[in-house]
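Chemist: One structure coming up, written as structure tokens, with questions to follow.
The values are calculated or read from the model by the stated rules, or taken from the named source; none is laboratory data. These numbers come from a predicted model, not from an experiment. Using ideal geometry, Cβ is built from the backbone for each residue, glycine included, and neighbour counts are taken over all protein chains shown. Areas reflect the complete protein model, heavy atoms only, side chains present, ligands, DNA and RNA absent. Shrake-Rupley method; radii C 1.70, N 1.55, O 1.52, S 1.80 Å.
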Amino acid sequence: MLSKVISHAKILIVDDELANVRLLEMILEREGCKNVSMTTDPRHVTALFNDNEPDLVLLDLNMPHMSGYEVMEALHALRSPESMVPIVVLTADATPEARRRALTSGATDFICKPFDNLEVIQRIKNVLQTRYLYLELLYQNQILEERVKERTTMLEQTLAELHAAQQKLMQEERLHALGKMAAGIAHDFNNILSLVLAYGEMLLEENVVTENAAPAKCVRNIISASRDGVEMVKRLALFQRPVVGDDLFQTIDLAALINQGVELTRPRWQGETPAQRPEIVVERNFSPEARIVGDPNEIRDLLINAIFNAVDAMPDGGRIIFRTRAEGDWIVLEIGDTGVGMDDETRAHCLEPFFTTKGPRGSGLGLAMISGIARRHHGTLEVETAVGVGTKLLIRLPNESSYPMEKNIFPAEPVDPLPILVVDDEPLLCEVLSSYLSKDGHRVTSANDGTEALQKFQQDHFDVVITDATMPQMNGKQLAGAIRKLRAETKVILLSGHADAGVAPSETAEIDFVVGKPVSQETLRQAIAKAVGASGKTATARAQTPGAGFIRTRPEDALTLSALAAQFAGSHVAALLKTQTQN
């Protein structure tokens, strides 16, 4: 080690006697040191020190212009405390006072002239070795500090991820508990709304009230209020509704749906005159590949809620920005605004249902519902926001090619009259369903519980059984299982009072179709037509088809259902005409 330290060292010699400088240079060259700089004028020391950055300084004390003590003082101002460049004093002044002063001024070692060559080399090697060991220690400390900093950063990141996971788990637990409560409330409330809505529609259809009379207006108000109640219950339950297959999923042109959502909400963000509302500009940048698979009604609800949130966040006007882009198997939908934004605390709670900063104006269900719709479409939602900057929603949804889908076909016309058994523990609901079915010519028998239904089923022949899902003693699934054991070819339609909550395909092996309450006559007609249609599939096979047999009742979307039925009416009528021609 000592034999090598001197050969790689950079050494600066400072002595006013040229003979002494040459002697030291010759001694160092014999030891293999080639990086030697020198001067006989101490006034050049600082420049040489800065240029060469030496590992060692060999310094005389008694020199003209500047003494060795003054040189050490100047070098002390140049050296950083961490550099530790040793200074070895070589002087003819061997007095104890000179030794003490030199060492006090910063000298590392003190050698008297004339000196022994071997002693000088050994001392130089010693101080250089000490310097290199010190530099190695600094280097190792630096590496250790970097590793500690890296480990600290990793630990902080892990703790942050753990905290985020804990917060997410707590939020999901709260949502789950709230979802169960909402489902129970929705079930009972939807049963009540079913009666109010059905009797109101029957009053109008039967012309019990005249078109222009005050009672007709009252009935329409009742129907309108009932539909508002359905919407409220739906929003309450939607944010936690589980994924239940493909439902009414279809291929969606996301850009076209965004444009539709913008137009539907235009009265909210664009007043009739510029003075009515601060200016809000909608910007759109769409990818031509932005096609997804989903429920257009739910995606439209997502867009409308996002636009309303953006408008509320920009009381002084601003921009709403829509962007879509392809990202692997995903379509990324960005909905941004230039509004007030959210602080960290608000951001942490913004997806919780009923959390709102809008006071009485807000329900706190907007972002919760957006998150629920994204999850039900097998996607994700991220919220990026900052106070005074705005908010951006990043919604990732599977693209069309990564989401294989089987199309659902809904016959538009009622089927031929059938013997049908209706089962519900609410007698009024039985009466309403019987009235709906009787209008289409079906022979209807009703029962108020599962036991009575089984007795009537054994005494008569029924092609279709329509049963409530939740009943005392024997629920709808249990009744369906018993019926299938007695007569496997009977079609079973399950009515669910849980707002928009379907039954997973794995749980519906004995059921052909699931219909959410409140049920309209059109929806019930479509369910029966689908269940008894000539698909050639068994009930079990249909139940195992992703998304098979689930109709969600949307009274407020009657036009959408009618359009959907009309879409497939041509092929259905053509099939009927072909059959009649052959016969």
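Chemist: Please find, within the range 512-529, the residue that is surrounded by the most Cβ atoms within 10 Å (Cβ to Cβ) out of those that are modelled with pLDDT of 80 or more and within 19 Å of Lys477 (Cβ to Cβ).
Modeler: Val514
Chemist: Based on what the data block shows, is Gly200 on the phi < 0 side of the Ramachandran plot, modelled with pLDDT of 75 or more and in a helix (DSSP H, G or I)?
Modeler: So Gly200 fits the description; yes.
Chemist: If you don't mind, there's one more thing I want to ask. Name the single residue that is most open to solvent (accessible area, probe 1.4 Å) among those in the range 294-326 being within 23 Å of Gly379 (Cα to Cα), of a type in the set (D, E, K, R) and at pLDDT 90 or above.
Modeler: Within the range 294-326, the match that is most open to solvent (accessible area, probe 1.4 Å) is Arg323.
Chemist: A further question on this structure: Within the range 295-305, is there a residue that is touching a strand residue (DSSP E or B) at 6+ places or on another chain (Cβ under 6 Å) and within 25 Å of Glu279 (Cβ to Cβ)?
Modeler: No, there is no match, as no residue in the range 295-305 is touching a strand residue (DSSP E or B) at 6+ places or on another chain (Cβ under 6 Å) and within 25 Å of Glu279 (Cβ to Cβ).
Chemist: Further question: For the range 39-142, please list each of the strands (runs of 3 or more DSSP E) lying entirely inside it that holds at least 2 residues being in contact (Cβ under 8 Å) with a residue 40 or more places away in the chain and surrounded by 20 or more Cβ atoms within 10 Å (Cβ to Cβ).
Modeler: Fully inside the range 39-142 and qualifying: 56-59.
Chemist: May I pose another question? Filtering the range 530-546 down to residues that are at pLDDT 50 or above and not in a helix (DSSP H, G or I), which residue is least open to solvent (accessible area, probe 1.4 Å)? Spell out the reasoning first.
Modeler: So the first thing to find is which residues in the range 530-546 are at pLDDT 50 or above, and the list is 530-533.
Add one more test, that the residue is not in a helix (DSSP H, G or I), and what stays is 532-533.
Numbers: Val532: 49, Gly533: 31 Å².
Here the residue is Gly533.
Chemist: A further question on this structure: Kindly indicate whether Asn285 is surrounded by 18 or more Cβ atoms within 10 Å (Cβ to Cβ) and under 24 Å from Thr380 (Cβ atoms).
Modeler: Spelling it out, it is not the case that Asn285 is surrounded by 18 or more Cβ atoms within 10 Å (Cβ to Cβ) and under 24 Å from Thr380 (Cβ atoms).
Chemist: So how many residues does the range 7-28 have that are under 60 Å from the mean Cα position of the chain (by Cα) and part of a loop (DSSP other than H, G, I, E, B)?
Modeler: Filtering the range 7-28 for residues under 60 Å from the mean Cα position of the chain (by Cα) gives 8-10.
Retained after the next criterion (residues that are part of a loop (DSSP other than H, G, I, E, B)): 8-9.
Residues meeting the conditions: 2.
Chemist: Cβ-Cβ distance below 8 Å, separation of 6 or more or different chains: which pairs start in the range 374-389 with a residue that is in contact (Cβ under 8 Å) with a residue 12 or more places away in the chain and more than 18 Å from Glu352 (Cα to Cα) and end on one that is buried (at least 16 other Cβ atoms within 10 Å of the Cβ) and acidic (Asp, Glu)?
Modeler: Correct list of pairs: His377/Asp295; His377/Glu298.
Chemist: Name the single residue that is nearest to Ile124 (Cα to Cα) among those in the range 29-38 being outside any helix (DSSP H, G or I) and open to solvent by 60 Å² or more (accessible area, probe 1.4 Å). Before the answer, list the steps.
Modeler: Quick first cut of the range 29-38, residues outside any helix (DSSP H, G or I) only: 31-38.
Okay, now just the ones that are also open to solvent by 60 Å² or more (accessible area, probe 1.4 Å), so 31, 34-35.
Numbers: Glu31: 11, Lys34: 15, Asn35: 14 Å.
Only one residue fits best here, namely Glu31.
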